[in-house]
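Student: A single structure is presented below for examination.
The values are calculated or read from the model by the stated rules, or taken from the named source; none is laboratory data. Source: prediction; values computed, not measured. Cβ placement follows ideal geometry from the backbone for every residue including glycine, while neighbour counts extend to all protein chains displayed. Protein only, heavy atoms only, side chains kept; ligands, DNA and RNA dropped before computing areas. Shrake-Rupley method; radii C 1.70, N 1.55, O 1.52, S 1.80 Å.
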Amino acid sequence: MVRSAATKDDAQALFQSLRSAYSATPTNLKIIDLYVAFSVSTALIQVVYMAIVGSFPFNSFLSGVLSCVGTAVLSVCLRIQVNKENKEFNDLPPERAFADFVLCNLVLHLVIMNFLG
């Protein structure tokens, strides 16, 4: 019983520390985080739908899930490049990072449209 109370206190301290650290995150990074969460949740919804209904047009299912996952990965890359605390991309302006994100998304979705047939 004592051990579970200590574990609960540790978990609460961890969540409190994460919440206070995340509150200091700039707004533009929080918006990118929301977009990543939206992309991942959309992929999960598609997987659940496929499990319930079936995957008759399997190319469509794969295209939808890969589109969501690819967009999430590109968004994480954008977040890494735009983050001011990241020392590797100090010389990269945010406009250039966003232009790379848009161009890579365009290529990703062109490939996905081609995969649909």
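Student: Here are some residues: Leu78, Leu106, Leu110. Which one is surrounded by 13 or more Cβ atoms within 10 Å (Cβ to Cβ) and part of a helix (DSSP H, G or I)? Lay out the reasoning, then the answer.
Tutor: Values: Leu106 fails: surrounded by 13 or more Cβ atoms within 10 Å (Cβ to Cβ); Leu110 fails: surrounded by 13 or more Cβ atoms within 10 Å (Cβ to Cβ).
Going through Leu78, Leu106, Leu110 in turn, just one is surrounded by 13 or more Cβ atoms within 10 Å (Cβ to Cβ) and part of a helix (DSSP H, G or I): Leu78.
Student: Still on this structure: From the list Leu108, Leu116, Leu74, exactly one residue is modelled with pLDDT under 95 and aliphatic (A, V, I, L, M). Which is it?
Tutor: On the way: Leu108 fails: modelled with pLDDT under 95; Leu74 fails: modelled with pLDDT under 95.
Going through Leu108, Leu116, Leu74 in turn, just one is modelled with pLDDT under 95 and aliphatic (A, V, I, L, M): Leu116.
Student: Hey, among Ser20, Ser63, which residue is surrounded by 15 or more Cβ atoms within 10 Å (Cβ to Cβ), free of Cβ contacts under 8 Å to residues at least 60 places away in the same chain and part of a helix (DSSP H, G or I)? Can you show your working first?
Tutor: On the way: Ser20 fails: surrounded by 15 or more Cβ atoms within 10 Å (Cβ to Cβ).
Matching residue, one of Ser20, Ser63: Ser63.
Student: Further question on the same structure: Would you be able to say whether some residue in the range 41-64 is of a type in the set (Gly, Ala, Ser) and either under 30 Å from Pro93 (Cβ atoms) or touching an Asp or Glu at 6+ places or on another chain (Cβ under 6 Å) (or both)?
Tutor: Of the residues in the range 41-64, the ones of a type in the set (Gly, Ala, Ser) are 41, 43, 51, 54-55, 60, 63-64.
This time we only want the ones that are either under 30 Å from Pro93 (Cβ atoms) or touching an Asp or Glu at 6+ places or on another chain (Cβ under 6 Å) (or both), so: none.
No, every residue in the range 41-64 fails to be of a type in the set (Gly, Ala, Ser) and either under 30 Å from Pro93 (Cβ atoms) or touching an Asp or Glu at 6+ places or on another chain (Cβ under 6 Å) (or both).
Student: Restricting attention to the range 81-103, report how many residues are surrounded by 12 or more Cβ atoms within 10 Å (Cβ to Cβ) and either in contact with a Ser or Thr (Cβ under 7 Å, 6 or more places away or on another chain) or basic (Lys, Arg) (or both).
Tutor: Of the residues in the range 81-103, 1 are surrounded by 12 or more Cβ atoms within 10 Å (Cβ to Cβ) and either in contact with a Ser or Thr (Cβ under 7 Å, 6 or more places away or on another chain) or basic (Lys, Arg) (or both).
Student: Next up: Look through Val73, Val47 and report the one residue that is open to solvent by 50 Å² or more (accessible area, probe 1.4 Å), within 20 Å of Thr27 (Cα to Cα), of a type in the set (A, V, I, L, M) and in a helix (DSSP H, G or I).
Tutor: Values: Val47 fails: within 20 Å of Thr27 (Cα to Cα).
One residue alone meets the criteria, Val73.
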